[in-house]
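The structure under discussion appears below in the form of structure tokens.
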Amino acid sequence: MNFPATRLRRLRRTEAIRSLVRETHLTPGALIYPMFLCPGEGVRKEIGSMPGVFNLSIDEAVKEAAECASLGLGGVLLFGLPEEKDERATGAWASDGIVQQGLRALKADSALDSLVTIADVCLCEYTSHGHCGVVTRDGDTYEVDNDSSLPLLAKTAVSLAAAGADIVAPSDMMDGRVEAMRVALDAEGYPNTPIMSYAAKFASAFYGPFREAADSAPQFGDRRSYQMDGANIREAMREIDQDIAEGADMVLMKPAMPYLDVIRAARERYEVPLGAYQVSGEYSMLHAAFRHGWLEPERAMLESLLGIRRAGADFIVTYFAKDAARVL
């Protein structure tokens, strides 16, 4: 039947009716909060380009995690800023690495048991050159060597699992890294540690503030030879196919808002748990608009997250996680 017998506005008349027929829902338990761990004690250093986000010493990170748990968040995603960097990213897989220390501290606090601890697996924060793998040089030319990077990435995943990570999350975009990690985890006694692969991570302009937060900007060149071309959705599906075949238990799409079509395509094709990362640039540009009074903060924040959820993400990694949970 058509208008006037059919009036779609009838179901929008009150908030109670709108809530009753709402198709897509946000819950705090589906939100993951990223945290940046740094050396020291009592350190809570705000990141200039990311209002409300901090580099945290481990004692402060435990307090932050306690707040996340009290708000009902699903988990935290940990990144590390080591005291020293080198060509081989030693700090990424050292047993006393900054994230390894942080994981042990979080796991020692039973009040945090409700939080899933996810450890990012990459080398860029720990290498002196800032690339996500081993760099080989020939005069003025260089290459990020895929195959020689795999043992270090696998070693990092095992070290993080040994420190207590509930999930390891490779974000490096080296070919074959999921298989290398699965084999290493199984061999070292961690067959039940899931791998959440950043299966479709695009070479994006929206990562800029993160590189300030994690001190991980490349010292030369860029990452377009290993992160994906933003024009390619079919290739993204091939990346996900490959990672699932290699043993990925979950996949993560990154960035989120500029790639909602990729999230939707993945949701329609795959049955594995699927997440999306609302990255630093998405967060920072919204905060810039908030600061100027151009957008209403609460509504814009929730709308941005709802759009990601509606596109098909089961869970969302976002710097808005705490703020959104307070509203929800």
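The values are calculated or read from the model by the stated rules, or taken from the named source; none is laboratory data. Computed from a predicted structure; not experimentally measured. No Cβ is skipped: glycine too gets one built from the backbone with ideal geometry, and neighbour counts run over all protein chains shown. These area figures cover heavy atoms from the full protein model, side chains too; ligands, DNA and RNA do not enter into them. Shrake-Rupley method; radii C 1.70, N 1.55, O 1.52, S 1.80 Å.
Of the residues screened, S159 is not one that is at pLDDT 85 or above and within 20 Å of R223 (Cβ to Cβ). Given the structure, is C122 touching a Leu at 6+ places or on another chain (Cβ under 6 Å) and under 24 Å from A245 (Cβ atoms)? No, not satisfied. Cβ-Cβ contacts under 7 Å between residues 6 or more apart (or on different chains), taken from a first residue in the range 189-215 that is without any contact (Cβ under 8 Å) to a residue 12 or more places away in the chain to a second residue that is open to solvent by less than 10 Å² (accessible area, probe 1.4 Å), are listed as P191/L185.
The condition of being buried (at least 23 other Cβ atoms within 10 Å of the Cβ), charged (D, E, K, R), under 22 Å from A92 (Cβ atoms) and touching a residue at least 12 places away in the same chain (Cβ under 8 Å) holds for only one of D243, D222, that being D243.
This table checks each residue for (1) modelled with pLDDT of 95 or more; (2) under 16 Å from the mean Cα position of the chain (by Cα).
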residue	(1), (2)
A169	yes, yes
E179	yes, no
P191	yes, no
M196	yes, yes
P218	no, no
G221	no, no
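Restricting attention to the range 293-306, the residues that are touching a residue at least 40 places away in the same chain (Cβ under 8 Å) and either open to solvent by 10 Å² or more (accessible area, probe 1.4 Å) or part of a loop (DSSP other than H, G, I, E, B) (or both) total 3. Scanning the range 82-116 for residues that are in a loop (DSSP other than H, G, I, E, B), touching a Gly at 6+ places or on another chain (Cβ under 9 Å) and either modelled with pLDDT under 95 or surrounded by 18 or more Cβ atoms within 10 Å (Cβ to Cβ) (or both) gives P82, E83, E84, K85, A89, G97, L115.
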